[in-house]
Number of protein chains: 2
Amino acid sequence: VGLSELDIISRYFNQSGLAADPLHHAAVSLGIGDDCAGLRLAAGQELMLSMDVLVEGVHFPASANPADIARRALAVNLSDLAAMGAQPLGFMLGLTLPDAQPYWLEGFSQGLKASATRYGCPLLGGNLTRGPRQIAIQVQGQVPAGMALLRSGARAGDKVFVSGSLGTAGLALQYVLGELPGVQLADQAILHQAFYDPEPRLALGIALRDIASATLDISDGLLGDAAHLARSSGVQVGIDARLLPLDPVMMVYLDAGSVRKLALTAGDDYELLFTVPVDKVHLLEQLALAQQVPLTCIGVCRAGEGVVVEHGDDPEQVGGYDHFRSR
Amino acid sequence: VGLSELDIISRYFNQSGLAADPLHHAAVSLGIGDDCAGLRLAAGQELMLSMDVLVEGVHFPASANPADIARRALAVNLSDLAAMGAQPLGFMLGLTLPDAQPYWLEGFSQGLKASATRYGCPLLGGNLTRGPRQIAIQVQGQVPAGMALLRSGARAGDKVFVSGSLGTAGLALQYVLGELPGVQLADQAILHQAFYDPEPRLALGIALRDIASATLDISDGLLGDAAHLARSSGVQVGIDARLLPLDPVMMVYLDAGSVRKLALTAGDDYELLFTVPVDKVHLLEQLALAQQVPLTCIGVCRAGEGVVVEHGDDPEQVGGYDHFRSR
């Protein structure tokens with residue numbers, strides 16, 4: 001009560017250690033406080049831009065912890081930079097709130113600060129307004145010109161890989177929404193983290209610049225995103241359902257068919273899906289070891305189009321989350 | 001009904017002539033369709049970034065024409081680029097909609113296209129999701145490195161100028177909200193345009209790079225924004241209320257005191273407020289003629305702090321729109 005817009009911006013965003021400081025961030029020429037923020041890229045660098053909006057009641061429950069919401073909001077944007085092989089430079093925040101609760105603002109800004117610091121992606125500026133709670137985040141990153149990992153470079157014969165494991169975030173969403181009763185205490189933490197702290201695979205994306213022929217992050221579900229890759233590259237993506245990397249925690253709560261379905265269609269994993277020419281596949285083993293990230297071959301690209309799932313339960317599987325049509 | 005998220009993005013945004021095309025936009029290296037958009041700046045250019053969110057029921061009425069909303073949403077962002085002396089490169093759109101009405105989407109995308117084409121600022125990418133209607137726009141622009149118009153450069157003795165006229169958008173807001181009865185037909189169009197088509201002063205901003213010592217756009221109201229300038233520059237801004245440029249349309253509907261109050265506090269004009277060293281003031285006359293834009297001297301900077309309004313009605317005037325505290 002009584003906090004003004006300027007008070008909020010100053011206390012929770014400008015002076016919270018979250019804001020970009022031109023003295024400490026080489027690319028930032030102008031931080032918060034003018035009509036625009038400013039960036040200066042080093043010669044030969046290309047700017048990468050992405051934006052994602054999180055809506056209360058759609059992407060997170062109204063009861064969610066504000067620090068959790070903040071970390072997730074930044075992570076899903078950073079995942080788009082990872083999918084291009086880009087290094088983060090900073091982000092802009094469009095925050096709409098129904099009221100100015102210090103508890104919420106404090107938690108939210110601390111959560112943002114934790115992720116911004118961890119990933120070297122400070123706040124450059126933005127906008128605070130009153131309305132139904134939504135968080136619009138827009139990230140900037142850089143990649144050497146011409147080195148960005150596109151969706152369009154896969155060729156017939158390339159192997160198809162994913163990082164991490166698949167489907168856990170889909171199960172975690174059920175848990176977060178209160179639709180998965182009886183979760184054991186130890187698993188609650190795993191599922192909470194799977195939903196609110198997806199790991200943006202930034203280091204992996206950078207390492208894949210010289211290895212992958214096509215890359216994207218799994219935000220629409222494996223089948224939906226594999227279809228994007230197939231269409232952009234002009235290939236058919238064949239996926240062997242038996243090879244899908246699954247987190248053991250899923251087996252405790254779901255039967256095998258439901259687990260595979262989540263792994264194929266759940267939209268919140270934010271792992272990288274990428275293709276690698278056969279003569280570079282040997283580079284991945286060392287990369288997986290060096291970065292301590294599982295990299296699993298789940299299929300192969302062929303001449304043709306679309307996505308074919310082999311050894312799956314249901315040949316009619318179609319994938320992806322659609323905000324405007326029910327599955 | 002039945003339109004999928006991908007259908008909507010494809011029909012109304014990718015293929016509507018709105019989307020950036022690397023073949024036609026020199027700075028765009030990667031348009032819509034991958035995890036990120038890409039920009040490559042020419043050597044010696046600095047990137048300028050700004051973001052504004054418009055919320056239904058706060059920034060526009062639910063009944064507003066979608067093309068009007070779109071033009072206004074882009075214009076208020078472009079105004080921030082104008083205030084830095086930057087040239088637009090492109091924008092990202094975070095669109096949240098309660099439903100997928102073809103009428104609304106068609107109008108909205110056509111309105112966006114009109115402004116994007118007019119100002120050379122194509123759509124680079126973004127995000128479509130379901131939820132309470134909000135429009136988050138984030139613009140990119142460029143300015144030669146070190147030439148951006150900051151808020152902090154005003155010095156004692158500099159003259160204070162505004163472009164266009166002040167307060168009309170504040171009156172227009174009352175009209176748009178249905179709170180100003182009895183508006184004559186000819187004036188309805190003027191007020192409609194004042195609210196939905198604020199003119200981003202892009203050409204003026206670029207011309208002011210070599211002339212102005214400090215610049216911002218009037219989005220919080222003249223007094224509020226003059227206070228920002230005073231604080232950033234470490235000067236006192238003296239405003240002579242008799243010099244405020246007022247649109248004659250206001251006199252028809254309001255008494256003189258109300259007109260001056262709107263001119264001092266209304267937050268929607270998006271004119272430029274700028275300061276000019278005395279030895280450069282003579283350059284403004286030719287600029288005003290060349291660009292056909294009124295430039296009015298409304299005061300002077302002095303040693304001191306804050307904003308002082310002379311010859312006004314109310315020495316207690318405080319300015320600016322605050323989303324979290326009533327005026």
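Between A:HIS24 and B:LEU185, what's the calculated FRET efficiency when r is the beta-carbon distance and R0 is 41 Å? Round to 0.05.
With a Förster radius of 41 Å, E is 0.10.
Mean per-residue shielding of peptide B:117-129 is 3, counting Cβ atoms of other chains within 10 Å of each Cβ.
Annotation for the B:A interface, with buried accessible surface near 5100 Å², both sides summed [1.4 Å probe; non-protein components not counted]. DSSP beta bridges confined to the range A:1-136 are antiparallel in about 45 percent of cases. The Stokes-Einstein estimate for the range A:76-153, based on a Kirkwood radius over Cα pairs and taken at 4 °C with 1.567 mPa s viscosity, is a diffusion coefficient of 93 µm²/s.
Find, among the chymotrypsin sites (Phe, Trp or Tyr not before Pro) in the range A:119-214, those assigned to loop by DSSP (not H, G, I, E, B) with at most 10 other beta-carbon atoms within 10 angstrom.
Details: sites: A:TYR119, A:PHE161, A:TYR175, A:PHE195, A:TYR196; in loops: none.
Taking the range A:119-214 and a limit of 10 other Cβ atoms within 10 Å, no loop chymotrypsin sites (Phe, Trp or Tyr not before Pro) are found.
Applied to the range A:52-69, the Karplus parametrisation 6.51 cos²θ - 1.76 cosθ + 1.60 on θ = phi - 60° returns per-residue 3J(HN,Hα) values of 9, 10, 10, 10, 4, x, 10, 9, 7, x, 4, 7, 4, 5, x, 5, 4, 4 Hz, with x for Gly and Pro. For the range B:236-288, the share of accessible area belonging to carbon and sulfur comes to 54 percent (1.4 Å probe, ligands and nucleic acids excluded). Can you say what percent of the DSSP beta bridges in the range B:61-190, counting only those with both residues inside, are antiparallel? Round to 5. In the range B:61-190, approximately 55 percent of DSSP beta bridges are antiparallel ones.
The mean sequence separation of alpha-carbon pairs under 8 Å and at least six residues apart, normalised by the residue count of chain A, gives a relative contact order of 22 percent. Solvent-accessible area assigned to carbon and sulfur over the range B:1-79 amounts to 51 percent, based on a 1.4 Å probe. Where the alpha-carbon atoms of the range A:22-93 are placed on the principal axes, they occupy 44, 30, 19 Å, in descending order. Across the protein assembly as shown, Cα-Cα pairs more than 33 Å apart make up 47 percent of the total. Averaged over peptide B:136-147, the number of partner chain Cβ atoms lying within 10 Å of each residue's Cβ comes to 4.
The shape of the range B:220-295 can be summarised by an equivalent ellipsoid whose semi-axes, obtained from the alpha carbon gyration tensor, come to 23, 19, 11 Å from longest to shortest.
As a calculated quantity, the FRET efficiency between A:GLU305 and A:ARG242 at R0 = 22 Å, using C-beta atoms, amounts to about 0.40. Percent antiparallel among DSSP beta bridges with both residues in the protein assembly as shown, to the nearest 5? If I count the DSSP bridges inside the protein assembly as shown, around 75 percent turn out antiparallel. Counting Lys and Arg as +1 and Asp and Glu as -1 over every other residue whose Cβ lies under 11 Å from the Cβ of A:SER16, the net charge comes to +1.
Let me test this: with uniform point scatterers at the alpha carbons of chain B, what is the Debye-based log₁₀ I(q)/I(0) at q = 0.11 1/Å? Taking Cα atoms of chain B as identical point scatterers yields -0.72.
Taking only DSSP H segments of four or more residues, each worth -39500 (n - 2.57), what value at 222 nm results for the protein assembly as shown once the sum is divided by all its residues, to the nearest 500 deg cm²/dmol? Provide the component values of the computation, followed by the final result.
Values: 20 runs with 208 residues, N = 654.
About -9500 deg cm²/dmol.
Per-residue packing, averaged as other Cβ atoms within 10 Å, sorts the ranges B:300-310, A:288-298 into the order B:300-310, A:288-298, beginning with the highest. Note on A:LYS113: no lysines have a C-alpha under 29 Å away, same-chain residues under 8 apart excluded.
Comparing each chain alone with all protein chains together (probe 1.4 Å, DNA, RNA and ligands left out), the residues of the range A:5-38 losing at least 20 Å² of accessible area are A:GLU5, A:LEU6, A:LEU30, A:GLY33, A:ASP34, A:ASP35, A:CYS36, A:ALA37. Share of pairwise Cα-Cα distances greater than 13 Å in the range B:10-57 is 70 percent (whole percent).
Calculation over all alpha carbon pairs of the range A:105-145 in 10 angstrom steps from 0 returns a P(r) of 20, 52, 22, 5 percent. Taking every alpha-carbon pair under 8 Å whose residues sit at least 6 apart, the range B:1-127 reaches a relative contact order of 34 percent.
Distances, shortest first, from the label point of B:ASP21 to those at the same position in the other copies read 4.7 nm; the point lies 7 Å along Cα to C-beta. Per residue, the accessible area of chain B comes to 39 Å² when a 1.4 Å probe rolls over the protein heavy atoms.
Where Rh is the Kirkwood radius over the Cα pairs of the range B:152-256, the temperature 37 °C and the viscosity 0.692 mPa s, what D in µm²/s does Stokes-Einstein return? Don't skip to the end; give the middle numbers.
Values: Rh = 15.5 Å.
After rounding, the answer is 212 µm²/s.
The mean count of C-beta atoms from other chains within 10 Å of the C-beta of residues in B:148-154, rounded to a whole number, is 3. Cα convex hull, the range B:179-327: 133 Å³ per residue, rounded to a whole number.
The values are calculated or read from the model by the stated rules, or taken from the named source; none is laboratory data. Keep in mind it's a predicted model, so treat the numbers as computed, not measured. Quick reminder, even Gly has a Cβ in these numbers, built from the backbone with ideal geometry, and neighbours come from all protein chains shown. These accessible areas exclude ligands, DNA and RNA; they are computed on the full protein's heavy atoms, side chains included. Shrake-Rupley method; radii C 1.70, N 1.55, O 1.52, S 1.80 Å.
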